[in-house]
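So the structure is just underneath, and the comments pick up after that.
Only the coordinates and a few stated rules stand behind these numbers; no lab work does. Note that the structure is a prediction, hence the values are computed from the model and not measured. Note that each Cβ is placed from the backbone with ideal geometry, even for glycine, and that neighbours are counted across all protein chains shown.
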Ligand SMILES: C[S@@+](CC[C@H](N)C(=O)[O-])C[C@H]1O[C@@H](n2cnc3c(N)ncnc32)[C@H](O)[C@@H]1O
């Protein structure tokens, strides 16, 4: 929402991604074979639930997704939780008007840091945090390190105005109001010198992703840049996960949402290059390692297959079936189901230059 309480274009895309991801995330978490009984979705900057025109915000969106999937959770003996926090008393009152209470909802009105530490202590199972672009500078280093980056079984969606920060770091923008940005960068260990040689905010977005990987100690960090050329504002939605299936689900949603004017293609040249390079450097990898490496590079199984197929046609790789697996029609078993099956099915040898 902007200062006039109207949900802007950027926020609409942000909320569309949030809704789609939430649906995918909760659909998986509700399944009986997923080993978590408690699943929590945590929105520390929930706002009012709806804007002044009645457009749904993050809290209302989460409520409708929960309502849809709640029966599935219950029938599978699982317990979902939705935590909604809003500091401002008037906004909190509106939130409670706009989002009717339910068994699974916990409302609170605290500073986000206090709310996160209070909530985190009682959390069980798996959690997803949604950090709003208006909220990321509000969180302290301790909150980030102890409760967000430092936790296993925790996924984070965090929306950051990268262009604004990039200009700030390059001293192209400066004002008292931007001080919290400097604090945030310090918290994730990004210094002014690390952006000196960067040419665009897109390169800078990559630096932020690397910093988040380092801080969270995971390879599964992805982002989507949302461009609004007319207002020259560029945001990035970062997704941080400790789990390969969560990562795949996020990539699938990004793939479904490909809109050339809004998103850069998910399989970009650098991703191809990184993947191919990984194969080349390792010389031989089995299908489980290939699946994992592909997801780390931001590639879905269908993208991995496409690349492997052309590498095989070009004679750059040789594929060997392993004992107990018969390779039919030049198939590449690189799905999640092949990954969780501990017995590898094929080995791929790099034989190109
Ligand atoms: C842009 S609005 C929320 C939008 C909402 N997440 C959505 O996507 O629909 C950001 C909210 O964060 C609240 N807020 C700001 N600082 C906060 C803090 N330190 N702790 C908790 N809430 C805070 C503001 O009052 C505001 O309602």
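Summary of values
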{"quantity": "Distance between segment 81-108 and segment 135-172 - C-alpha centres, whole angstrom", "calculated": "23"}
{"quantity": "Among 331, 120, 59: highest mean-square fluctuation, GNM of the chain, C-alpha pairs under 10 Å", "calculated": "331"}
{"quantity": "Dimensions (Å) - the chain, Cα atoms, principal axes, largest first", "calculated": "65, 55, 35"}
{"quantity": "222 nm mean residue ellipticity, helices alone, for the chain (DSSP H n ≥ 4; -39,500 (n - 2.57); rounded to 500)", "calculated": "-13000 deg cm²/dmol"}
{"quantity": "Extension gain from residue 336 to residue 314, taking 0.36 nm per residue of separation minus the Cα-Cα distance", "calculated": "5.3 nm"}
{"quantity": "Using a Förster distance of 22 Å, the FRET efficiency for residue 152-residue 100 (Cβ separation, nearest 0.05)", "calculated": "0.10"}
{"quantity": "Segment 66-152 shape via C-alpha gyration tensor axes, a/c threshold 1.5", "calculated": "oblate"}
{"quantity": "Protection-proxy order for peptides 313-319, 241-247, each taking the mean of Cβ atoms within 10 Å per residue, highest first", "calculated": "241-247, 313-319"}
{"quantity": "Point-to-point label distance, residue 88-residue 282, nm (Cα→Cβ direction, 7 Å offset)", "calculated": "4.9"}
{"quantity": "Rounded FRET efficiency, nearest 0.05, which uses the C-beta distance separating residue 110 from residue 183 and R0 of 22 Å", "calculated": "0.65"}
